[in-house]
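A.B. asks: What follows is a structure written as structure tokens; I'll ask about it next.
The values are calculated or read from the model by the stated rules, or taken from the named source; none is laboratory data. The shown structure was predicted, so the numbers you read here are calculated from the model rather than taken from an experiment. Note that each Cβ is placed from the backbone with ideal geometry, even for glycine, and that neighbours are counted across all protein chains shown. With ligands, DNA and RNA removed, areas are computed over all heavy atoms of the protein, side chains included. Shrake-Rupley method; radii C 1.70, N 1.55, O 1.52, S 1.80 Å.
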Protein chains: 2
Amino acid sequence: MTSQQQNAVLVSAPGKVILFGEHAVVYGKPAIAASLGLRTYSWIRRTNDSNVRLNLPDIHTLPITWESRVLAELAAAHYRASDWATPAVLTPESETALSALIEGVTTPAVRQATLAFLHLYLSICKGRSDLDTCVRSALPVGAGLGSSASYSVTIAAGLLALGGYGEDPALVNGWAFMAEKVIHGNPSGVDNSLATYGGAKVYSHGKLEALGGFGSLRFMLTDTRVPKNTKRQVELVRERKLRFPLAMDLLIDSVQGIVEECKSLFLDVEQKRVSEDEMLTAMEALIDMNHGIMSACGVSHPSLEMVRLVTASHGLRSKLTGAGGGGCALTLIRPDTTRETLDSIKERLHLEGFMCFETEVGGVGVTVRSDPDACAWDSFADLPAAEWASLVSTLDKP
Amino acid sequence: MTSQQQNAVLVSAPGKVILFGEHAVVYGKPAIAASLGLRTYSWIRRTNDSNVRLNLPDIHTLPITWESRVLAELAAAHYRASDWATPAVLTPESETALSALIEGVTTPAVRQATLAFLHLYLSICKGRSDLDTCVRSALPVGAGLGSSASYSVTIAAGLLALGGYGEDPALVNGWAFMAEKVIHGNPSGVDNSLATYGGAKVYSHGKLEALGGFGSLRFMLTDTRVPKNTKRQVELVRERKLRFPLAMDLLIDSVQGIVEECKSLFLDVEQKRVSEDEMLTAMEALIDMNHGIMSACGVSHPSLEMVRLVTASHGLRSKLTGAGGGGCALTLIRPDTTRETLDSIKERLHLEGFMCFETEVGGVGVTVRSDPDACAWDSFADLPAAEWASLVSTLDKP
């Protein structure tokens, strides 16, 4: 089962978006989620300096460093029974022990990411390797785009590959889920599955099934940078549902209809009953419909409507993705959409203070590369965010 | 049954808007329509110049004049059996005879209005009165706001009052419906009923019932001046419904839910279970929901979304009214909405080329006044549209 140990790996994993079914999923309806081409990149290399180092330059100024000896002792005390082949949860006792190692880290997001890293490192490597780890992400953090899952997947896949334990996606996904539990408490498992496997999946009653026939599609993701509050948006829908059940219950049901139509569409694609152009036209209608229903549920926002207006003026269709009330919107890019059109849309949306990313939805999951020459360590860690983003956009995708 | 003959009357009747349920009504669902405070005004006076004259200054340059003797002969030949108390349809034979009287009139809207006038004049007055009639309307024509019904109601009520036949609304409504048949072929009867009775009504399966508890509400009506094509919009919904039945059938059903919620809301208002503020807040949510569903059905338009964005930026909620794809939007005005807010919204929407009207929805139906001093004939007929609009805004409403 084990394969060649590696000296350095560059691992990347995608984010995720909800394509259809947000909010209705709260009421037991199915949703369709897909991988998002904005990826998290973890570069991990062995060193011989008796240290383990975690560098998260985008969210924490300095690398966090532990002596390997200290980690090995901790592993011996708390991770003796753990096995790289059996993903296991961080126990409260281990959490207490790990917390002592990160007393200086106060930002919650950095603390959680660090705890998750340490849990995977101790479980898989048992404190037996000196490592430098640097993680950077093209994903906006906290925007509901699965940035923590894509981080967790790259760490899990990277540590397993470095240890010579192979690249079994089920194992990567299992460990990433354990890291997600450290970060989120009670994750659904959707985000790490999409970061691991890529593609598009139907999520229903706690289960994921692949959406057959769905290849990757080009989308523009717009981050309105209007802070979203998922909990508040879920409450808003619940309140409206309690106040106006006669209309809202059917609206929530109609979201399920959108998901069923999407499944049926890609079954037709798989069986070559519709052309690509027909598929895109149908997707545009479903995007329009799903957004309209979300607007009817009260979770749109003027910023999201502005994205819709601007893109519609160029013939493109957009919808909110995620909880709404701000946050992100997705715009389907057609194959015949010109560079000028996209630039013109982006320019207009930048004027509103929004950030736009051209990317794909439904692309590949985690990838592990062991040719570290592809990207020099120094530039990977030290580049300013904008230059780094430009650099990673040149990395080949396997 | 007959009352005093009048020498001159000023009759006015409201337009109508659909508050909730447009498009779903095509599939047998109920809709809520209400009178619109933009009114049509008909001034009718007896003369002794042996002529009957119809002046429609806003849509036809010159008054159309017939010799009373010619009309009396035509009445004797074709309207012998007709009775002012029994509304009757224009027969094909009579239509042929009347057409000979308006050969010079080529604009379809003017021809239809003139035919309808002649049918009512010959039915009710039998060619026995010399008359001057002048009609002006504050309603945009062809915008789905019931301008023809409000015209028909003022002519019917005016001729009945002048003839001394009283102001029985059922009779006025019956004759107006006959005029609507001349103009539209196969009208639903909703528009003339609202122009006659005012208020708000639930229309379901060809029947109208009053919406209890609904007083009049202040609204801003915005005419986007984007030409609407009702038939095309109805087709768009039908196509989307055929293509995506799983989602669309439930969406259409959810519109019925909105109408039921609205009925239930005003039952609560009637029984004093909700305050005015709660009613307005609920109306705002229903407006939002209904518009979102229409958007999901594909019948919104960037111009309508712009109205929503601009009004939302001032805390007001808007929805399309009628077929969508352009046409008009309604914005609920709250009692605490300031003059500055309204002016600021109007200024912004004027920049888009839209026309805004502050008005009421659900106000009184037809009114007949016999104090012709209220408004001098000459200014009524001859003022430019803008000045006239300003003049009628000063007319008292009984």
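A.B. asks: Quick one: if you stick a label point 7 Å off each Cα along the C-beta vector at B:Ala88 and B:Ala386, how many nm between them?
C.D. replies: 4.8
A.B. asks: Between A:Arg53 and A:Leu242, with labels modelled 7 Å along Cα→Cβ, what's the label distance in nm to one decimal, could you check?
C.D. replies: 5.4
A.B. asks: I would also like to ask the following. Return the tail of the calculated pair distribution for chain A, meaning the percent of Cα-Cα pairs more than 28 Å apart.
C.D. replies: Cα-Cα pairs of chain A separated by over 28 Å account for 47 percent.
A.B. asks: How many angstrom lie between the Cα centre of region B:158-185 and the Cα centre of region B:109-133?
C.D. replies: If you average the Cα positions of each part, the centres end up 11 Å apart.
A.B. asks: Let me ask something additional. Looking at the P(r) of the protein assembly as shown, how many percent of alpha-carbon pairs lie beyond 44 Å?
C.D. replies: Of the Cα pairs, 42 percent sit more than 44 Å apart.
A.B. asks: Pairing the Cα long axis of helix B:68-78 with the longest principal axis of chain B, what angle in degrees results, from 0 to 90 and rounded to the nearest 10?
C.D. replies: 80
A.B. asks: So, by mean Cβ neighbours within 10 angstrom, what's the order for B:137-147, A:92-102 with the highest one leading?
C.D. replies: Put in order of decreasing packing, that is B:137-147, A:92-102.
A.B. asks: Sort out for me the Cα centre separation of region A:202-277 from region B:195-257, rounded to whole Å.
C.D. replies: Region A:202-277 and region B:195-257 have Cα centres separated by 26 Å.
A.B. asks: To continue, here is another question. Using modelled backbone amide H atoms (1.01 Å from N, in-plane), which distant-in-sequence or interchain residues come within less than 5 Å of B:Arg225's amide H?
C.D. replies: Residues meeting the amide H criterion: B:Gly327, B:Met355.
A.B. asks: With each run of n ≥ 4 DSSP H residues scored as -39500 (n - 2.57), what mean residue ellipticity at 222 nm is computed for chain B after dividing by its residue count and rounding to the nearest 500 deg cm²/dmol?
C.D. replies: After summing the helix terms and dividing by the residues of chain B, the value is -13500 deg cm²/dmol.
A.B. asks: Separate question: What's the angle, to the nearest 10 degrees (0 to 90), between helix A:302-312's Cα axis and the longest principal axis of chain A?
C.D. replies: That helix lies at roughly 70 degrees to the long axis.
A.B. asks: Based on the mean of other Cβ atoms within 10 Å per residue, sort peptides B:201-214, A:152-165 so the most packed one is first.
C.D. replies: A:152-165, B:201-214
A.B. asks: Among B:Ala116, A:Val202, A:Ala13, whose Cα lies farthest out toward the positive end of the dipole of the protein assembly as shown, if unit charges sit on the beta carbon of Lys, Arg (+1) and Asp, Glu (-1)?
C.D. replies: A:Val202
A.B. asks: Compute log10 of I(q)/I(0) for region A:7-102 with the Debye formula, placing one identical point scatterer on every Cα and leaving out solvent, at q = 0.11, 0.12, 0.19 Å⁻¹, to two decimals.
C.D. replies: At q = 0.11, 0.12, 0.19 Å⁻¹ the computed log10 ratios are -0.58, -0.68, -1.12.
A.B. asks: Follow-up question, since we're still on this one. Per residue, what accessible area does region A:21-178 have, given a 1.4 Å probe and all protein chains present, in Å²?
C.D. replies: Normalised by residue count, the accessible surface of region A:21-178 is 35 Å².
A.B. asks: Right, next: At a 1.4 Å probe, which residues in region A:243-272 are at least 30 Å² less accessible with all protein chains present than in their chain isolated?
C.D. replies: A:Arg243, A:Phe244, A:Leu246, A:Ala247, A:Leu250, A:Leu251, A:Ser254, A:Glu261
A.B. asks: Hey, another quick one. Divide, for region B:217-361, the radius of gyration over alpha carbons by 2.2 N^0.38 Å, where N is the residue count.
C.D. replies: That ratio works out to 1.09.
A.B. asks: Between the label point of A:Gly353 and that of the same position in each other copy, find the distances and list them shortest first in nm, with every label point placed 7 Å from Cα along the Cα-to-C-beta direction.
C.D. replies: 3.1
A.B. asks: Between region A:313-375 and region B:1-70, what is the C-alpha centre distance in whole Å?
C.D. replies: When both Cα centres are located, 54 Å separates them.
A.B. asks: Next question, about the same structure. For the protein assembly as shown, which whole percent of the accessible surface, found with a 1.4 angstrom probe, sits on carbon and sulfur atoms?
C.D. replies: About 52 percent, which is the carbon plus sulfur part of the accessible surface.
A.B. asks: How far is A:Glu93 from the same spot in each other copy, in nm, shortest first, if each label point sits 7 Å from Cα toward Cβ?
C.D. replies: Reported distances to equivalent positions: 10.7 nm.
A.B. asks: If you don't mind, another one. Quick check for me: using +1 on Lys/Arg Cβ and -1 on Asp/Glu Cβ, what's the dipole size of chain B about its Cα centre, in debye to the nearest 20?
C.D. replies: 740
A.B. asks: For the Cα atoms of chain A, what angle does the longest principal axis make with the long axis of helix A:245-270, in degrees from 0 to 90, nearest 10?
C.D. replies: Roughly 70 degrees, rounded to the nearest 10.
A.B. asks: A further question on this structure: Can you work out the PRE-style zone for B:Leu351? Point 7 Å along Cα to Cβ, and I want the residues of region B:290-322 with backbone N under 20 Å.
C.D. replies: Inside the label zone: B:302-318.
A.B. asks: Let me ask something else about it. Just tell me which lysines come within less than 29 Å, Cα to Cα, of B:Lys231; anything on the same chain fewer than 8 places away is out.
C.D. replies: A:Lys319, B:Lys16, B:Lys29, B:Lys181, B:Lys201, B:Lys207, B:Lys241, B:Lys263, B:Lys319
A.B. asks: Here's another thing I want to ask about it. Going by the alpha-carbon gyration tensor, a ≥ b ≥ c the square roots of its eigenvalues, is region B:207-246 rounded (a/c under 1.5) or, if a/c is not under 1.5, prolate (a/b greater than b/c) versus oblate?
C.D. replies: Taking the square roots of the gyration eigenvalues as a ≥ b ≥ c, region B:207-246 is oblate.
A.B. asks: Still on this structure: Compute the length gained on full extension between B:Glu67 and B:Arg225: take 0.36 nm times their separation in residues and subtract their Cα-Cα distance, giving the result in nm to one decimal.
C.D. replies: 53.0 nm
A.B. asks: Also, I was wondering about something else. Long-range amide H contacts for B:Phe214: which residues qualify at under 5 Å (H placed 1.01 Å from N, peptide plane, sequence gap of 5 or more or a different chain)?
C.D. replies: Residues meeting the criterion, in which the H sits 1.01 Å from N, do not exist here.
A.B. asks: Please compute the per residue accessible area over region B:217-361 with all protein chains in place, 1.4 Å probe, rounded to a whole number of Å².
C.D. replies: 39
A.B. asks: Now for a different question. Could you work out the local net charge near A:Ser318, counting Lys and Arg as +1, Asp and Glu as -1, over the other residues with Cβ closer than 11 Å to its Cβ?
C.D. replies: Spelling it out: positives minus negatives among the neighbours equals 0.
A.B. asks: Taking the Cβ-Cβ separation of A:Thr281 and B:Arg128 as r and a Förster radius of 60 Å, what is the calculated FRET efficiency to the nearest 0.05?
C.D. replies: 0.40
A.B. asks: When each copy gets a label point 7 Å from Cα toward the beta-carbon at B:Ala385, what are the spacings between them in nm, shortest first?
C.D. replies: In ascending order, 5.3 nm.
A.B. asks: Region B:179-265: Rg/Rh from Cα coordinates, Kirkwood Rh?
C.D. replies: 1.00
A.B. asks: Could you run the numbers on buried accessible area between A and B, total for both chains, 1.4 angstrom probe, in Å² to the nearest 100?
C.D. replies: Chain pair A/B: roughly 2600 Å² of buried accessible area.
A.B. asks: If we sort A:266-272, A:233-239, B:50-56, B:296-302 on the protection proxy, mean other Cβ atoms within 10 Å, highest first, what's the order?
C.D. replies: Ranked from most to least packed, the peptides come out as B:296-302, B:50-56, A:233-239, A:266-272.
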